[in-house]
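Student: One structure, as structure tokens, below. Some questions next.
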Amino acid sequence: SNPFEVKVNRQKFNILGRKTKNDVGLPGVSRSKAIRKRTQTLLKEYKERGKTNVFKDKRFGEYDTKISPEEKMIRRFALERQQNYGKKNIYNLNEDEELTHYGQSLAEIEKLNDIVDSDSDTEEKGTLSAELTAAHFGGGGGLLRKKASSGQQDEEEEKPKSRKELIEEMIAKSKQEKQERQNRRESALELTEKLDNDWKEIHTLIARKPPKSERKDKEVEKPKPDEYDMIVRELGFEMKAKPSERMKTEEELAKEEQARLQKLEADRLRRMRGIDEDANKKKPSHVSADDLADGFILDKDDRRLLSYKDGKINLENEDEEEKDNEEEDGEEGGKEEDESEEESEEESANEDEEDGAADSHSDLESDVESEEEAAGNKERKKHKTNENESHNVKELDPELKAPTSELPYTFAVPESFETFKSLLAGRTIEQQLTILERIQKCNHPSLAVGNKAKLEKLVGFLLEYIGELATLDSPELKAIDKLVLPLYNLCQMFPEAASDSIKFILRDAAHDMEEVIEVKGRATFPGLDTLIYLKITSLLFPTSDFWHPVVTPAFIYMSQLLTKCRITTLQDVIKGLFICCLFLEYVSFSRRFVPELISFLVGVLHISLPKKQGQGYTVVHPFTPAGKNLELLLVCDKQDLESWQKQHLPLSTVTRLKEANRTEINHMRLSCIALCFDLIKKSAVLYESLPSFHEIMRPVRILLTQHVPVNEYPEKLQEWYHSALKELETKEKHYTPLICEKKKPVPLKQYTPKVVKVLEFGRKQAGSKKEQERKQLIQRHKRELKGAIREIRKDNQFLARTQLSEIMERDSARKRKVKELLGSLATQEGEWKAMKRKKGK
Amino acid sequence: DALSAEQKYKLWMRYRYQDCVGYLAELMHHDAFQVKEMSLCTLMNFVELEAQYPLVEVEWKGTVTFPRELLKVVVDGLLPLHEDASLLISRFQEYMEYDDIRYFVIKAVTESIGQVMQKTKERPLPFYQQNVFSLISPINMPNKESDMVKFMAKQDNWEELKVSKLQAHKQAFEKMWLSFLKHKLPTGLYKKVLVILHDSILPYMNEPTLMMDFLTVAYGIGGAISLLALNGLFILIHQHNLEYPDFYKKLYSLLDPSIYHVKYRARFFHLADLFLSSSHLPAYLVAAFIKRLSRLALTAPPESLLMVIPFICNLFRRHPACKVLVHRPNGPEDMSEDPYIMEEEEPSESRALESSLWEIQSLQNHYHPDVAKAAAILNQSLSETEDDISGLLELSAYELFDKEVKKKAVDVPLEFEQVRGLFGKKNDIFAEHFILD
């Protein structure tokens, strides 16, 4: 372009790597562009500002870019035709008739001027096929013609095809030919390959070709190997005895066990302090190095440790795993006998018990059981073939068959809780345990792939079952006590599943409580099952960890129970004390501080006092200093006080307070107070090392020393009282001022340049991604705003210019008109004067 | 005799109409809710029609043609003395959207309170007061005069009338509340009033300072009521130049173990944060607050602890002079007693500055891992920036539980001690006191 129109933006410094977009500008060009644009848009708008009518373009598809121009034309034509359809033409012109040549419309022939794309046929490589030449150039001799259209010739002659059709046909044909050629080539390739293979097979034979007769003989001989050879081979390949580890003596075993426990203890301590949790995440403490990660846990005593006693194999595990039978061979024949005998004894015992039980529950489970037994029998038969453990036992003692038929040996893992329940229904607790054990063994994860998932489900079922037992009218706590063992074993096998199930239960319980609080404003203590679950949690998981996926939520839930639930009855007090015990047990090892526990104990002492005592302490939430539900633990009856004996609180009272007389209730109250004293003593021992021990225990001490009527209590209770008080009073007060940890000294400012990695030139580096995005957005907004302001300014200038030019135009027009008028007036005047002069003359 | 037949007919009709209104007013006390609702709606229809076609000719331009007597009948029906009418009142709320109806209802309620309370002579009427409260507490006052556009009936000279002025509305509103609060309220209602006082009553009063007496009395009652009165009092102090002697002393005495357990915990700590945000407070005062808060924290549930520990940290940041509480390098080696006096009412006498925060040190052993971590922060020197506690104020125990339950664990450590039964652990506490029976 014209160098005089170019404006160069000179840069002060050359910066490496910076892209410059605007170093050269064309002000003239861009200005004229802008003006043109404005005249097209702004000026139009300006000119039409006073107009209300709009110009509409009704041409079909004029502004539709989707339709191609050709189609547009066709559609327009069709529309035009539609409009004209039916309207009689006023002239009688022969427009409908078509001119033809050889039966083809001339107009169409004229239109078809497109050429067949011969390039698409790459096979031909420039040479033209006969058909093509025929079509284009009218064809050569008749021979070619005939070849091209052999069958259809007659038809063709009758009804000549249009040129387009002909060409299409031709293309199709050439394609088909191409396809055939390809097929032929492929089949040839295949044949070659086959031939190759055949050759290879024969080749070996040819290489050392024996005479024909010999070959035949050998073929006959071959299938008969020598028997001697066979034996030799067999002996050669047979497993040789390998040196194994020396059998360990009992001392060594004990030592190992001790080392293992020590390691576990160390792990527990580390977790309790909550340090470097991440560092040791890779190797869970309780998994041994030999673990195949199949869920088979060696720590547990399910692996029989082989040891000797008095020269004989020491058989500690009477209840031998059937699996072991496979591994340990004939030497264990005697042992197996023992085992089966024992088992049969057990069975017969079970039978007896069951007989007793069967009467009472016969209506409930008779048909279920018979069905089940039938199924069990079947299964057993089926099992004989693939697994021979139960089979073994039976074969050895055929006479024992009858008693063992009471309990099937194999169990499928129940799929739903209902089937699980029906499996256990009506059995004695020992039988239930055996069933559970057998389910576990028959479906050990190492036996089949799906077993792990199945057994994981079993954890949930077992927990649910325990909960159900606890919610019964007379809770079967003894059964629960036993069922905890298989639960523990399962938990050791599937920690994740167990933790998930318990978390699920806890979440449900907490959710229920939250709902009750939202609706009623205050909660009530949950049932015995929840308490049992909390207790089980402490059995299955270490409660001393700094953070634990199950125990920490349990802690929070218990804290909610102690602070949110109202205490209206003696049962509530017992439940609360139970949770206090739980808390103490949870923190017994880690000695963590539980404020709720002390507050609750203060509250319990508070409700054991008569109303309106002089205070000196405050009680917090579930307890109120005044109002209802006070004196729940107050005992006034002298006789009851005297006749009290320390008794264990039966847990069943939690669900249902027996129709006890006043004396019994009073005794229970006194037991609660005794329990409270004991808990105070225990927590005092636990928390003595806390720096503000005395502040924590102050309300308790005030209550004990000033308010509790010790002298009225029976002697035994006084003993409890004094031992608690002693724990509180003997601790000496000891305070040391706090000192902060020294913080690292702030390093001096360095004057070496800060080196920052430049990732992309021209972009601000600092800040996170989010920050950068924000900055970018701000910058873009600024730029847009500037641009918009500039545009608006220019628009206004443009408008002002046009307005000015309009005014100028108007003015000049007016001036011209005035001049004209004045001119005409002047001529008039002149004429008039001239006339006058003439007259005057 | 002088009346024409048509006039007589009209007169007769007028009497029938009044009878009808009387019956409907009686039906407002019917047992069935549907009947009550129907009569309420019918009466309100009458109100609307009467407002459009007044029964009495407009005598001069300044009079309002609104049927105030009829509305009074409705309001009396809505406020029975001896039963709870909250259902009917909530049905009535849709009419309160109209600015003119609201205005006249406010006036009618004021009148009703005057009459009823006069009669009963300070004898508390819990149902009546509850009804009045549920009628007037949801009143949604307009903020600007231009918002007042929804009227049931408009007259020609509308702009000149009082009904169209926001000032008049505010005056009536204020008068109504003052007459309501003048009488003794049941505790529950007291709390409810205080809860809504700061954002739906005070801003719509012409003279918020008139509430001063009420608030001062409430603040003096103690307990939860004092906590709630704090909010209204804060508005008066902050925006209306109220001088409150010994404010901080009173605030200090409000701190008792229940503050960590009550429902209004979030509101209280929000305000306490505001009050203690001034950097001009003397160090002894702030130290006393810190010490008292942490002493009380020894009985607090974890959700409160998670809030109060950052709160205390913020106080340290604002008042560096208090840092002696956590860092006293040259102090006496061994003390036999905590110098801080918990029972002292006067913060300046409590000797808080001579003490140390052993309570927070004890909380470093708290069972909840987050609390223990938060408490351990005070061992180190604090960062400069304040923690934002606004998100922690509303923390509930259930949220805390939910958060923990949802955490994903990589592996689950297990108990290695073999189980021997439910109570089978070594030294099991349960075995000593409970039996499985």
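Student: For each pair in A:Lys520/A:Lys564; B:Lys291/B:Lys403; A:Lys681/A:Lys726; B:Lys249/B:Lys291, compute the distance between the two Cα atoms and list the pairs where it is over 18 Å.
Tutor: Among A:Lys520/A:Lys564; B:Lys291/B:Lys403; A:Lys681/A:Lys726; B:Lys249/B:Lys291, the Cα-Cα distance tops 18 Å for B:Lys291/B:Lys403.
Student: Still on this structure: In degrees between 0 and 90, to the nearest 10, how far off the longest principal axis of chain B does helix B:68-78 point, with axes built from Cα atoms?
Tutor: The angle comes out at about 40 degrees.
Student: Would you list B:His82, A:His734 from the most to the least accessible area, probe 1.4 Å?
Tutor: B:His82, A:His734
Student: Using just the alpha carbons, could you tell me how many Å³ per residue the convex hull of the range B:1-184 encloses?
Tutor: Spread over its residues, the Cα hull of the range B:1-184 gives 139 Å³ apiece.
Student: If you don't mind, there's one more thing I want to ask. Which net charge results for the neighbourhood of B:Phe423, defined as the other residues with beta-carbon distances under 13 angstrom from its beta-carbon, given Lys and Arg at +1 and Asp and Glu at -1?
Tutor: +1
Student: Moving to a separate point now. With θ set to phi - 60° and the Karplus curve 6.51 cos²θ - 1.76 cosθ + 1.60, what are the ³J(HN,Hα) couplings of the range A:546-562 in order, to the nearest whole Hz, using x for Gly and Pro?
Tutor: Rounded to whole hertz, the list is 4, 9, 9, x, 9, 6, 4, x, 4, 4, 5, 5, 5, 4, 4, 4, 6.
Student: Restricting to DSSP loop positions (anything but H, G, I, E, B) with no more than 12 other Cβ atoms inside 10 Å of their own Cβ, which chymotrypsin sites (Phe, Trp or Tyr not before Pro) remain in the range B:7-102?
Tutor: Filter output for the range B:7-102: B:Trp60.
Student: When every alpha-carbon pair in the range A:494-730 is counted, what percent end up more than 32 Å apart?
Tutor: Here the long-distance tail beyond 32 Å is 20 percent of all Cα pairs in the range A:494-730.
Student: So which of A:Lys770/B:Lys407; B:Lys150/B:Lys263; B:Lys10/B:Lys170 end up more than 29 Å apart by C-alpha?
Tutor: Too far apart for the 29 Å limit: B:Lys150/B:Lys263; B:Lys10/B:Lys170.
Student: Express the Stokes-Einstein translational diffusion coefficient of chain B in µm² s⁻¹, to the nearest whole number, given a Kirkwood radius over alpha-carbon pairs, 37 °C and a viscosity of 0.692 mPa s.
Tutor: In µm²/s, the coefficient rounds to 122.
Student: What is the range A:662-784 by shape, rounded, prolate or oblate, if you read a ≥ b ≥ c off the alpha carbon gyration tensor as root eigenvalues and call it rounded for a/c under 1.5, prolate for a/b larger than b/c, and oblate otherwise?
Tutor: Judged from the Cα gyration tensor, the range A:662-784 comes out prolate (a/c at least 1.5, a/b above b/c).
Student: Here's something else I'd like to know. Given charges of +1 on the Cβ of Lys and Arg and -1 on the Cβ of Asp and Glu, with all other atoms neutral, how large is the dipole of the range B:327-428 about its Cα centre, in debye to the nearest 20?
Tutor: Dipole size: approximately 1000 debye.
Student: In addition: So what are the ³J(HN,Hα) numbers for the range B:370-384, from phi and the Karplus equation (6.51, -1.76, 1.60; θ = phi - 60°), rounded to whole Hz, Gly and Pro as x?
Tutor: 5, 5, 4, 5, 4, 5, 5, 4, 5, 5, 8, 6, 6, 6, 6
Student: Do any GluC sites (Glu not before Pro) in the range B:11-103 lie in a DSSP loop with no more than 14 other beta carbon atoms within 10 Å, and if so, which?
Tutor: Sparse-neighbourhood loop GluC sites (Glu not before Pro): B:Glu57, B:Glu59, B:Glu83.
Student: Now for a separate question. Enumerate the residues in the range B:5-38 having an amide nitrogen under 12 Å from the point lying 7 Å beyond the Cα of B:Phe127 toward its Cβ.
Tutor: Those under the cut-off are B:29-31.
Student: With viscosity set to 1.567 mPa s and temperature to 4 °C, compute the Stokes-Einstein D of the range A:408-493, Rh being the Kirkwood radius across alpha carbon pairs; µm²/s, no decimals.
Tutor: Estimated via Stokes-Einstein, D reaches 99 µm²/s.
Student: Under a 5 Å amide H to amide H cut-off, with H placed in plane at 1.01 Å, what residues pair with A:Leu738 once short-range neighbours are removed?
Tutor: The answer is B:Arg328, B:Leu357.
Student: List every residue whose amide H lies under 5 Å from the amide H of B:Ile435, counting only residues 5 or more places away in sequence or on a different chain, with H placed 1.01 Å from N in the peptide plane.
Tutor: Those lying under 5 Å, H to H, from B:Ile435 are A:Leu649, A:Leu651.
Student: Something else now. Give me a comma-separated list of calculated 3J(HN,Hα) values for the range A:679-684, in order, Karplus coefficients 6.51, -1.76, 1.60 applied at θ = phi - 60°, integers in Hz, x for any Gly or Pro.
Tutor: 5, 4, 4, 5, 6, 5
Student: When only C-alpha pairs under 8 Å and at least 6 residues apart count, what is the relative contact order of chain B, in percent?
Tutor: The value is 10 percent.
Student: May I ask you to order A:638-648, B:406-416 by the average number of other C-beta atoms within 10 Å around their residues, highest value first?
Tutor: B:406-416, A:638-648
Student: Among residues other than B:Pro339 whose Cβ falls under 9 Å from its Cβ, what is the net charge (Lys/Arg +1, Asp/Glu -1)?
Tutor: -2
The values are calculated or read from the model by the stated rules, or taken from the named source; none is laboratory data. Since the structure is predicted, the reported quantities are computational estimates derived from the model, not experimental observations. When we count neighbours, we look across all protein chains shown, and the Cβ atoms used for this are built from the backbone with ideal geometry, even at glycine. Protein only, heavy atoms only, side chains kept; ligands, DNA and RNA dropped before computing areas. Shrake-Rupley method; radii C 1.70, N 1.55, O 1.52, S 1.80 Å.
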